[in-house]
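Participant: Take a look at the following structure, please.
Throughout, read-outs are computed from the coordinates displayed, never taken from laboratory work. Just so you know, these numbers come straight off a predicted model, no measurement behind them. Note: ideal-geometry Cβ built from the backbone for every residue, glycine included; neighbour counts use all protein chains shown.
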Amino acid sequence: MTTEVFCNDKLAKEYIDNVFATLKAKNAHQLEFLQAVEEIFISLVPVFAQNPAYIQHNILSRIVEPDRIVSFRVAWQDDKNQVQVNRGFRVQYNNVIGPYKGGLRFHPTVNESIMKFLAFEQIFKNALTGQPIGGGKGGSDFNPKGKSDAEIMRFCQAFMTELYRYIGPDVDVPAGDIGVGAREVGYLWGQYKRIRGAYEAGVLTGKKPGYGGSLARKEATGYGLVYFVSEMLQEANQSFLNKTVVVSGSGNVAIYAIEKAQHFGAKVVACSDSAGYIYDPEGINLKVVKEIKELKGDRISTYLKYRPNAEYHEGCTGIWTIPCDIALPCATQNEINGESARKLISNGTKVVAEGANMPSDLEAINEFLAADILFGPGKAANAGGVAVSALEMAQNSGRNYWSFQEVDEKLHRIMKSIYAESKEAAEKYGYSGNLVVGSNIAGFIKVAEGMLAEGVY
Ligand code: GLU
């Protein structure tokens with residue numbers, strides 16, 4: 001019996017290593033993509049050891065190759081009548097569970113590697129929600145910072161003029177991500193509607209409530225993150241009450257994570273933007289952060305005008321040197337490296353949960369797991385946003401609206417079940433307490449079973 005398991009483990013590891021080596025050779029320069037794949041592959045050894053059918057059907061080689069990637073030119077006119085050109089993307093990765101689903105990111109760092117890593121993670125995150133959504137992602141290297149409202153509108157219209165032919169309510173449903181919020185989704189939606197000549201509201205999510213959008217969508221990723229962490233804390237007989245929390249970022253995810261953590265009695269002492277971070281030892285005044293970020297679109301450094309006793313520091317990594325019980329990275333990929341992870345651990349942090357996509361690099365994750373930190377990986381912990389996007393699609397299909405409370409309650413239930421499924425999968429495959437392995441396995445198995453059922457194509 002022992003020999004058999006050992007033999008299967010060895011075979012499974014060999015198979016996974018071979019697929020990864022081929023992938024690496026083909027995508028040598030796509031570092032973020034390879035990082036996201038490696039994290040999942042490491043988790044899957046016991047799954048392949050126990051399910052030889054997955055090897056027979058070569059599920060891994062098939063799942064890492066996107067169904068298709070579309071790349072297109074976006075030409076638009078700025079306020080000085082100059083013609084600008086950006087590159088647009090849509091990665092349609094896997095639609096076994098439902099239409100491709102995932103946000104659009106507008107940020108100068110966007111390239112094929114970033115798009116592929118995000119779309120790949122989205123497959124498993126979306127599967128974990130239990131909602132009927134496949135995995136995709138898109139975006140552009142367009143930089144919205146400093147652009148006028150009219151420029152943003154013209155860019156969104158030009159972007160959609162190309163994208164519309166690849167999407168649809170039953171085909172592929174984009175939403176927001178970094179640099180794309182309700183305003184951008186509104187402009188994208190308006191252009192899609194004009195081109196199609198039909199009111200297909202379910203083609204985009206994250207619309208404004210009252211114009212096809214769902215209540216609680218804006219809050220969903222941040223609230224969902226805090227609901228997920230509450231489950232982790234409850235398991236350890238703890239809660240948010242009186243805990244000191246550091247949250248990086250000050251976008252949608254960070255703001256509503258702060259709001260819910262404060263609601264549960266935590267003291268949030270820091271947040272950041274891409275230029276630097278603020279530290280307010282008395283506790284962040286969220287009204288001020290909302291005014292700076294949601295109303296004025298200003299830098300977080302201006303927080304000091306309202307709260308002179310707070311501190312502002314240039315740069316982003318310093319935020320992880322602030323002592324805290326709970327760290328919630330909600331800014332962007334690879335914002336916590338091994339060194340920052342070690343600093344958090346030596347400062348006594350007990351819980352780290354990811355509101356952003358892949359904010360901890362592989363070294364950081366290994367440090368957290370080795371130190372027995374309660375670690376909530378993004379795929380599970382930040383799935384609340386896309387889960388409520390799926391609820392928005394359901395409301396659009398039913399041509400109705402649910403109340404804030406109804407959506408929030410559904411979100412809460414979904415986050416509890418993602419936690420429970422991840423925990424159970426980790427236990428079943430011999431990695432008790434490891435939510436990285438548990439969420440990867442739970443998400444992967446749903447997709448792999450769907451692929452087996454569909455047959456080879
Ligand atoms: N961009 C979000 C994510 O990373 C939400 C995607 C969506 O709502 O489709 O999951």
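Participant: For the stretch 419-435, name all the residues that are surrounded by 13 or more Cβ atoms within 10 Å (Cβ to Cβ), of a type in the set (Gly, Ala, Ser) and either in contact with an Asp or Glu (Cβ under 6 Å, 6 or more places away or on another chain) or not in a helix (DSSP H, G or I) (or both).
Facilitator: Listed by number, the list holds a single entry, Gly433.
Participant: Taking Ile292 as the residue in question, decide whether it is part of a helix (DSSP H, G or I) and within 18 Å of the chain's Cα centre (by Cα).
Facilitator: On the way: part of a helix (DSSP H, G or I): yes; within 18 Å of the chain's Cα centre (by Cα): no.
Considered against the rule, which asks whether it is part of a helix (DSSP H, G or I) and within 18 Å of the chain's Cα centre (by Cα), Ile292 comes out as no.
Participant: Report whether or not Tyr93 is aromatic (Phe, Trp, Tyr), within 16 Å of the ligand (Cβ to nearest atom) and more than 30 Å from Lys13 (Cβ to Cβ).
Facilitator: Values: aromatic (Phe, Trp, Tyr): yes; within 16 Å of the ligand (Cβ to nearest atom): yes; more than 30 Å from Lys13 (Cβ to Cβ): no.
No, not satisfied.
Participant: Being over 22 Å from the mean Cα position of the chain (by Cα) and charged (D, E, K, R) is the filter here; which residues of the stretch 19-68 pass it?
Facilitator: Lys24, Lys26, Arg62
Participant: While we're here: Hey, Asn242 hits all of (1) within 16 Å of the ligand (Cβ to nearest atom); (2) within 24 Å of Trp320 (Cα to Cα); (3) surrounded by fewer than 19 Cβ atoms within 10 Å (Cβ to Cβ) but one; which does it fall short on?
Facilitator: (1)
Participant: From the list Lys305, Lys296, which one is farther than 21 Å from Lys218 by Cβ and surrounded by fewer than 16 Cβ atoms within 10 Å (Cβ to Cβ)?
Facilitator: Numbers: Lys296 fails: farther than 21 Å from Lys218 by Cβ.
Going through Lys305, Lys296 in turn, the sole match is Lys305.
Participant: Same structure again: Criterion first (under 16 Å from Phe240 (Cα atoms) and of a type outside the set (Phe, Trp, Tyr)) does Ala257 satisfy it?
Facilitator: Working: under 16 Å from Phe240 (Cα atoms): yes; of a type outside the set (Phe, Trp, Tyr): yes.
Considered against the rule, which asks whether it is under 16 Å from Phe240 (Cα atoms) and of a type outside the set (Phe, Trp, Tyr), Ala257 comes out as yes.
Participant: Among the residues of the stretch 163-180, is any farther than 18 Å from Ser389 by Cβ, among the basic types (Lys, Arg), surrounded by fewer than 24 Cβ atoms within 10 Å (Cβ to Cβ) and out of contact with any helix residue (DSSP H, G or I) (no Cβ under 8 Å at 6 or more places or on another chain)?
Facilitator: yes
Participant: What about Glu32, is it in contact (Cβ under 8 Å) with a residue 60 or more places away in the chain, assigned to a helix (DSSP H, G or I) and within 30 Å of Gln157 (Cα to Cα)? Show your work before the answer.
Facilitator: Details: in contact (Cβ under 8 Å) with a residue 60 or more places away in the chain: yes; assigned to a helix (DSSP H, G or I): yes; within 30 Å of Gln157 (Cα to Cα): yes.
Criteria met by Glu32.
Participant: When only residues in the stretch 257-270 that are part of a strand (DSSP E or B) and touching a Phe, Trp or Tyr at 6+ places or on another chain (Cβ under 7 Å) count, which is surrounded by the most Cβ atoms within 10 Å (Cβ to Cβ)?
Facilitator: In the first step, residues of the stretch 257-270 are kept if they are part of a strand (DSSP E or B); the result is 267-270.
Those still in the list that are touching a Phe, Trp or Tyr at 6+ places or on another chain (Cβ under 7 Å) too: 269-270.
Working: Val269: 21, Ala270: 25.
Only one residue fits best here, namely Ala270.
Residue-wise test of (1) within 11 Å of the ligand (Cβ to nearest atom); (2) within 23 Å of Lys446 (Cβ to Cβ).
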| position | (1), (2) |
| --- | --- |
| Ile114 | no, no |
| Thr129 | yes, yes |
| Thr161 | no, no |
| Asp170 | no, yes |
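Participant: Tell me the residue from Asp372, Asp361 that is over 20 Å from Lys423 (Cα atoms) and of a type in the set (Asp, Glu), please. Please lay out each step first, then the result.
Facilitator: Working: Asp372 fails: over 20 Å from Lys423 (Cα atoms).
That would be Asp361, the only listed residue that is over 20 Å from Lys423 (Cα atoms) and of a type in the set (Asp, Glu).
Participant: Looking only at the stretch 349-372, count every residue that is in a loop (DSSP other than H, G, I, E, B), away from the ligand (no atom under 16 Å from the Cβ) and either out of contact with any Cys (no Cβ under 8 Å at 6 or more places or on another chain) or farther than 22 Å from Ala270 by Cα (or both) and tell me the total. Don't jump to the end; show me each part of the working.
Facilitator: Start the filter on the stretch 349-372 by keeping residues that are in a loop (DSSP other than H, G, I, E, B), which leaves 349-350, 354-359, 361, 371-372.
From what is left, the residues that are away from the ligand (no atom under 16 Å from the Cβ) are 349-350, 361, 371-372.
Keeping just the survivors that are either out of contact with any Cys (no Cβ under 8 Å at 6 or more places or on another chain) or farther than 22 Å from Ala270 by Cα (or both) gives 350, 361, 371-372.
Within the stretch 349-372, residues that are in a loop (DSSP other than H, G, I, E, B), away from the ligand (no atom under 16 Å from the Cβ) and either out of contact with any Cys (no Cβ under 8 Å at 6 or more places or on another chain) or farther than 22 Å from Ala270 by Cα (or both) number 4.
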